[in-house]
1. Relative to the longest principal Cα axis of the chain, at what angle does helix 346-357 sit, 0 to 90 degrees, rounded to 10?
2. Evaluate the distance, in nm, between pseudo-label points positioned 7 Å from the Cα of residue 213 and of residue 27 along their respective Cα→Cβ axes.
3. Per residue of the range 57-73, in order, report the coupling 6.51 cos²θ - 1.76 cosθ + 1.60 (Karplus, θ = phi - 60°) as ³J(HN,Hα) in whole Hz, putting x for Gly and Pro.
4. Any chance you could check the Cα centroid distance between the range 171-197 and the range 287-310 for me, in angstrom?
5. Of the listed peptides 150-157, 373-380, what is their order by residue-averaged count of other C-beta atoms within 10 Å, with the highest listed first?
6. Charges at C-beta only: +1 for Lys and Arg, -1 for Asp and Glu. How large is the resulting dipole of the chain about its Cα centre, in Debye rounded to 20?
7. Counting just the Cα atoms, what span does the chain cover along each of its three principal axes? Round to the nearest Å and put the largest first.
8. Give me a comma-separated list of calculated 3J(HN,Hα) values for the range 326-341, in order, Karplus coefficients 6.51, -1.76, 1.60 applied at θ = phi - 60°, integers in Hz, x for any Gly or Pro.
Amino acid sequence: MAEILYFENPYKTEFEAKIVAKKELKEGLIGYYLDKTYFFAESGGQLSDKGYINEFEVIKLIKEENNILHCIRGELNIGDEVKCVIDKDTRLDYSIQHTAQHLLSAVLEDRYNAPTLSFHMSEEYSTIDIKIDKINSDVIYELENICNNIIFSAVEVKTFWISPEEMDRYKFRKIGKFVDKIRVVQIEGIDISMCAGTHVKRTNEIGYIKIKFFEKIKGGLIRLYFIAGNRVIRDYFEVNNIINYFRRVLSSTQKDLTERIDLFLNSRVQLEKELQKTQKMLIQEKLLHIEKDDKIYIDFTEGLDKKLLSFYAGEIIKIGKDLVLLYDKFYKILKIQQSNEQKFDIKNYFDEIKKEKNLKGGGNNITYLLDGIDVTPEEINLFLKNMVKN
Ligand SMILES: [Zn+2]
């Protein structure tokens, strides 16, 4: 059993300890037990610390009952005094995200009657799954404001221990697992929870909370994605870069940006319609010059989508051809169609090719389409030969 010291001082990131036991683990890892440790091991939604023991990087930290197993790829001896360094920035970042979660969950429960059912932290953002009656951007805006005002007020975050007998004296938002004593985390007047994680000492250290977005998940729950502290600054920088890019390419102000994008998308739809019309006219022009004698028609096109290829193939069959093979180089689509006399075994032959090359598409023995295929004129000839043989 080690002395777990981050409970008392989550800001201490350098310490010396003695190795008291070790065990061989999988994949060349060796796990060490220390007489005391400030390292936090993943639990309660919070991620494990990063750091070093002597010159060895800590690969994994495993939480056990009353102990922490420190896993490295390096040989150390029982009795060795080792120097431990916890990555300060990561510890602070995780403590900030975790404290932000307490605050968000407390405000959600208190003001919106929305309990938190689970919490998950990742390197990019954190999530909480909540049960809430109504949620929209107005609710998010208000929720963020309430939380950020508490952050700016620099409310103290206290941690202390109580015995299970004292439990009734507190109105806990979150009740966790405990053995002989209970660790309490209290944001004065805002939240009181059982929690074994690391937290900041005052809410102003959180800096800022930003809810990035929310989504509906299973069981009628809502998942909120949020960031806090420096993550908000980094995110703002990224978002601002994206906005500036769009401002530049669309010659727009930030305020007009959504309107400009809508206009741009609408004009694209119009242009596509125009293009389709022109391409149809070009196809009809081609039809006027087709050799009538040949019963098989082959063409390589560029920029005709599925719809236009179908139109093109249909028109060719109408003028009396037995079989048409069209390949569009841009869309990588092969369209095959034959007359109702069905002189060729299209379906069986192209089903084989589709399966062999793992392609999208399909069809029947009259009309068939293969999507995502590379075809050369030589291959078209090969297709023809084989279909006739079949
Ligand atoms: Zn906590």
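1. In the chain, helix 346-357 runs at an angle near 30 degrees to the longest axis.
2. 3.1
3. With coefficients 6.51, -1.76 and 1.60, one gets 5, 6, 8, 7, 10, 10, 7, 10, 5, 6, 7, 9, 9, 9, 9, 9, 9 Hz.
4. Rounded to whole Å, the Cα centres lie 74 Å apart.
5. Values: 150-157: 16.5, 373-380: 13.1.
Packing order, densest peptide first, comes out as 150-157, 373-380.
6. On the way: 59 positive and 63 negative charges, 203 e Å.
Result for the chain is approximately 980 debye, rounded to the nearest 20.
7. Over the chain, Cα extents along the principal axes are 97, 54, 40 Å.
8. Ordered by residue, 3J(HN,Hα) equals 10, 10, 9, 5, 6, 7, 6, 10, 10, 10, 10, 8, 9, 6, 5, 5 Hz.
The numbers here are math on the coordinates, done by the rules we state, and not lab data. These numbers were taken from a predicted model, which means no experiment stands behind them. Note that each Cβ is placed from the backbone with ideal geometry, even for glycine, and that neighbours are counted across all protein chains shown.
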